[in-house]
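Here is the structure we will look at, set down as structure tokens.
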Amino acid sequence: MRYSVAVPALVLENLSARQAIKRSVALTKGYLWRFLVVGLLMTIIRAVLVTLCQSPFSIATIMISVKGGRPSLWLTIPSLLVGGVGATATAPLLMISFAIAYYDLRIRKEGFDLQLMMSHLDGAASPDVLSPAQTKVGSCLEDTSVFGIIILSFITGGIYQPIWFMRRRKALNSLHSSEKVGLGGLIVALIGFIASLCIPTAGSFIWGSSVQAENALGPIPPLILLVTGIIMVVHCFKVRRILLDHMTPRDEGMFTASIRFQYDDLLSRMGTFFLGIYYIQYKINGLLDRLTPEQEAQVEIIPPMLAESPLPQDNS
């Protein structure tokens, strides 16, 4: 029942298979019993229609059996063929009912009918009115080479990773999101990366060789790297949430649910987890025109007619 509207969502909203399944789960939440009743009714209707199609042959078979005879093959084959035709004709009823229920859910939860009516209103959001604001805003995040970040991380032994967050912290915090990148965790991660490099080097001088230093230090360097790695992953997902919050609709309402869902997979969780800052920088490079600071993005748009027609002066 949770996945019953996945096919309509896949076809009508141009989603991927995984997104369509997630979309179906979100839409059917709180309406599972309704879909269960719809499925049972369509199954009963199909069974009744198939039984009506086969009823003449079934009655003939019963009459022959009562008389002690045996139904011939020429009676069984038409019964199966007619039953198959009836089942084929009634099979789409279940999917049709789920498609109608899909539209019903979108109307109930998202005001889909009002969205369609508003999309046809003339002058709701004219491109020539929006262009002055679009030319006035600018992105404060920079287009940076992902390959260069990889080289710097390799050369510095991972020290550049917290530095990457520190250099972009102000720009990320200026975006419209309740999430903010803190400085304390980044400092801890920076110290951890430096310690993971300095402790084994210093230990090799103290104990005479790197092998003896590893035996003496034990699991301390790996534990430090583990803690710093966890901090980096947490901050990567925090940046992911900041970017998604800034790009998704800001006003809560019945019109924003379906739009907000489309942005959920804009930044992959798997890519964020395994590739970290390299994946995030790659996505930032492709989304620079949509990542504008909160202060600049809230520019008041004044229609040209009002801007060119000032109020008359009061000469009284």
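Nothing in this text is a laboratory measurement; each read-out follows from the coordinates by a stated rule. Everything numeric here is computed off the predicted structure, so don't read it as measured data. With ideal geometry, Cβ positions are generated from the backbone for all residues, glycine too; neighbour counts draw on all protein chains shown.
With 0.36 nm allotted per residue and the present C-alpha distance subtracted, the A195-M117 stretch has 21.9 nm of extension available. Checking the Cα-Cα distances for K22/K283; K170/K283; K22/K238 against a 20 Å cut-off, the pairs over it are K22/K283; K22/K238. Listed by chain and number, the lysines placed with their C-alpha closer than 21 angstrom to that of K29 are K109; residues fewer than eight positions away on the same chain are left out. Approximating the spin labels as points 7 Å out from Cα along Cα→Cβ, the A89-to-R70 distance works out to 3.3 nm.
On full extension, the segment bounded by A17 and R2 gains 4.0 nm, given 0.36 nm per residue less the C-alpha separation.
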